[in-house]
Amino acid sequence: MEPPAPPQEQPPRPRSHTVTTTSSSFTANLSASSSTLAYDREFLRTVPGLLMVTEIVLGLLVWTLIAGTEYFLYPAFGWVMFVAVFYWVLTVFFLIIYMTMTYTRIPQVPWTMVGLCFNGSAFVLYLIAAIVDASSVTKDLHNHNYNSWAASSFFAFVVTSCYAGNTYFSFISWRSRTLQ
């Protein structure tokens, strides 16, 4: 018996050298918009920018001082935690929006009104939370959470005053836009 014959190779077929590409308007707009993302360093040098950074730093202190204790045993501190964490996250979100100048890319949103409502609600709810925080602090001999709660109460009032300042500046900005 003879070994089987190797299969014969087919000659290569000629290939087309034409390549056609298409792009959708979505990808074209996405690539154009992402390459022109602005960054506003000067915002941090303004009074509202400095107040916002202070709100973030001290707001972080408020909720970490409480989170390091047995706050869940006291419903009042649960409310303070909710307000502190909620507005801390939103303040970080708004800082990113202002730093990247995203507000200029979404002109449909009335940003001055949004800022006024945000800062006004943060001021009112943080004031309530700071009062609740201060009134819930008790110096119990068996309670090792006193210092953390007292410090969080102090910083909550400082953050409240920062939000009050930003509410004032937001009101001035909103008022100047409505008069034009």
Discussion item. Report the gain in length on full extension from VAL57 to GLU70: 0.36 nm times residue separation, minus Cα-Cα distance, nm rounded to one decimal.
Written reply: 2.4 nm
Worksheet item: Heavy-atom accessible area per residue, region 45-105, 1.4 Å probe: how many Å²?
Response: 52 Å²
Worksheet item: Roughly what would the spin-label model give for LEU44 and SER135, points 7 Å off Cα along C-beta, in nm?
Response: 3.9 nm
Worksheet item: Which whole-Hz couplings ³J(HN,Hα) result when phi for each residue of region 147-162 is put into the Karplus expression 6.51 cos²θ - 1.76 cosθ + 1.60, θ = phi - 60°, listed in order with x for Gly and Pro?
Response: 5, 5, 5, 5, 5, 5, 5, 4, 5, 5, 5, 5, 5, 4, 5, 5
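The values are calculated or read from the model by the stated rules, or taken from the named source; none is laboratory data. All values reported here derive from a predicted model rather than from experimental measurement. Methodologically, a virtual Cβ is constructed for each residue, glycine included, from the backbone with ideal geometry; neighbour enumeration extends over all protein chains shown. Each accessible area value is taken on the protein alone, full model and side chains, heavy atoms only, with ligands, DNA and RNA left out. Shrake-Rupley method; radii C 1.70, N 1.55, O 1.52, S 1.80 Å.
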